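Everything on this sheet refers to the single structure shown next.
Every number here is computed from the coordinates shown, using simple stated rules; none is lab data. Remember, predicted model here, so these are calculated numbers, not experimental data. Reconstructed Cβ throughout: ideal geometry from the backbone, glycine too, with neighbour counts over all protein chains shown.
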Amino acid sequence: MRRYLAAGVCAVALLAACSSSSKSSSNTTPSSTAAQATTTTAATSLRVLVTNDDGYNAPGIDALVEALRKVPNTTVTVIAPATNQSGTGGKTTGGTLSATDVKTASGYPAKAVKGFPADSIVYALDQGGLAQRPNVVISGTNNGQNLGTVIDVSGTIGAARAAAQHGIPALAVSQGFAPADKTPDFPASVQAALAWLAAKRSELATRDTSSTAPSTVTNINVATCPSGTPRADVARVPVSTTANGIGVTINCTAPFASPKTDVEAFVHGYVAETDNLPIKPASG
């Protein structure tokens with residue numbers, strides 16, 4: 001596992017709550033990757049395409065877009081489904097897609113695509129939705145975790161996989177469902193997404209955006225903690241091959257070292273990150 005320094009996150013995200021009392025255990029190592037990326041590549045221009053499966057006007061995508069707008073030298077374009085398309089996986093519509101000029105909940109210009117999350121990528125990259133190919137696609141932040149055996153039905157991941165199939169590196173990011181007495185802690189997953197972007201910025205900014213060779217998908221899930229806050233540590237873990245633990249009560253405060261899967265990391269309050277998620281073809 002690695003730990004993104006809170007200072008690095010604050011520098012790029014300008015988020016209010018960037019402190020953490022989490023301490024490194026024997027299998028976590030402090031890293032200044034995010035902070036170094038911020039200081040060395042802040043002047044590097046980056047084009048980010050943001051999409052989701054909850055729809056262009058959902059609160060999660062709004063939180064992510066508003067945070068990305070504050071990152072220096074970053075151009076943000078929003079192309080997302082016109083309506084909630086949760087659970088549609090990598091489905092595509094086929095044929096010519098239609099899109100409408102809309103605005104996010106906070107008023108940022110967007111395109112609403114009539115279709116599935118993966119259709120938003122097809123419209124953006126194949127049907128003239130974007131004048132320039134992006135350096136990276138970020139799908140989310142979704143309301144509800146996407147991990148373990150449910151990832152293949154996730155439209156959030158379906159959109160990220162569609163981007164990777166088109167040669168664009170993609171991040172799928174999701175915020176865990178909230179307890180009945182809380183609202184989803186979207187700032188937590190937004191902070192994780194910004195830290196990931198800061199750490200990858202130089203690599204993303206210098207890659208050949210014209211390449212259509214299949215790229216990579218990273219999947220990040222952050223719990224909405226019933227008490228306490230998510231741990232600062234990022235657990236880089238594989239996808240769980242069973243559904244065991246998905247319905248377990250989230251515990252962000254009890255000591256727990258060395259999670260072995262995305263589900264185990266998530267339910268214990270870590271930022272659960274799976275790199276190089278398998279890319280599956282879109283389905284019609």
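Judged by the mean number of other Cβ atoms found within 10 Å, the most tightly packed of the peptides 138-144, 216-222 leads the ranking 138-144, 216-222. In this label model, T216 and A257 are separated by 2.8 nm, measuring between points 7 Å along each Cα→Cβ vector.
Remark: the T249-V153 segment gains 32.3 nm on full extension, using 0.36 nm per residue and subtracting the alpha carbon distance.
Which length gain, in nm to one decimal place, applies between S202 and F177 when the Cα-Cα distance is subtracted from 0.36 nm times their residue separation? Walk me through the numbers on the way to the answer.
Working: separation 25, 0.36 × 25 = 9.00 nm, distance 3.24 nm.
Net length gain for the segment: 5.8 nm.
Exceedance of the 26 Å cut-off in Cα-Cα distance is limited, within the set K70/K200; K114/K182; K111/K182; K70/K111; K182/K280; K114/K280, to K114/K182; K111/K182; K182/K280. Distance distribution P(r), the range 139-214, all Cα-Cα pairs, bin width 10 angstrom from 0: 18, 41, 31, 8, 2 percent.
Checking every one of the trypsin sites (Lys or Arg not before Pro) in the range 43-134 against DSSP loop status and a limit of 11 other Cβ atoms within 10 Å picks out no site at all.
Summing +1 for each Lys or Arg and -1 for each Asp or Glu, what net charge is found among the other residues whose Cβ lies under 9 Å from the Cβ of V217? Within the 9 Å Cβ shell, the charges total 0.
With K and R counted +1 and D and E -1, the other residues having a Cβ less than 14 Å from that of P278 yield a net charge of -1.
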